[in-house]
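Some notes on the structure that comes next.
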Amino acid sequence: MKFERVKEGEFFRLAEAGVITDVIAQESDLNNNEFHVIGIVAARGIAYVIRHGRVDELRSWKRLDRLAQQLKERGILKMQVQFRK
């Protein structure tokens, strides 16, 4: 699967257009209880990861409730949560 880093606005445009089929909140490898958002386009084998706007680092959320609220406001009604082992 090919990973592409996109800004938050582009990610939500892809989601609203129906391009992204699945959304995953993946726990960070570096910090416990911080999550990165991944949008999957299964048909094309692409995963979009949200990055910060000014630097090329992954955007992270410490609170899943705030992340869920933000996704829900943009019409994303389902996400998977994956924790590190």
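The values are calculated or read from the model by the stated rules, or taken from the named source; none is laboratory data. A quick note: this is a predicted structure, and the numbers were derived from the prediction, not measured. In this analysis, Cβ positions are derived from the backbone assuming ideal geometry, glycine residues included, and neighbour counts consider all displayed protein chains. For the accessible areas, the whole protein counts, side chains as well, though only heavy atoms, and no ligand, DNA or RNA atoms are used. Shrake-Rupley method; radii C 1.70, N 1.55, O 1.52, S 1.80 Å.
Observations, loosely collected:
- A full extension of the chain between LYS85 and GLU16 corresponds to an added length of 21.7 nm, given 0.36 nm per residue minus the alpha carbon distance.
- Cα gyration tensor shape of the chain, rounded if a/c is under 1.5, else prolate or oblate by comparing a/b with b/c: rounded
- Pairwise label distance in nanometres, ASP29 with ARG54, each label 7 Å out on the Cα-Cβ vector: 2.7
- Looking at segment 1-67, the GluC sites (Glu not before Pro) that sit in a DSSP loop and have at most 10 other Cβ atoms within 10 Å of their own Cβ are GLU57.
- Net charge in the neighbourhood of ALA68 (other residues with Cβ under 12 Å of its Cβ; Lys, Arg +1, Asp, Glu -1) is +3.
- Ligands, DNA and RNA left out, the accessible area of the chain computed with a 1.4 Å probe is 47% carbon and sulfur.
- For the chain: accessible area per residue (Å², 1.4 Å): 67
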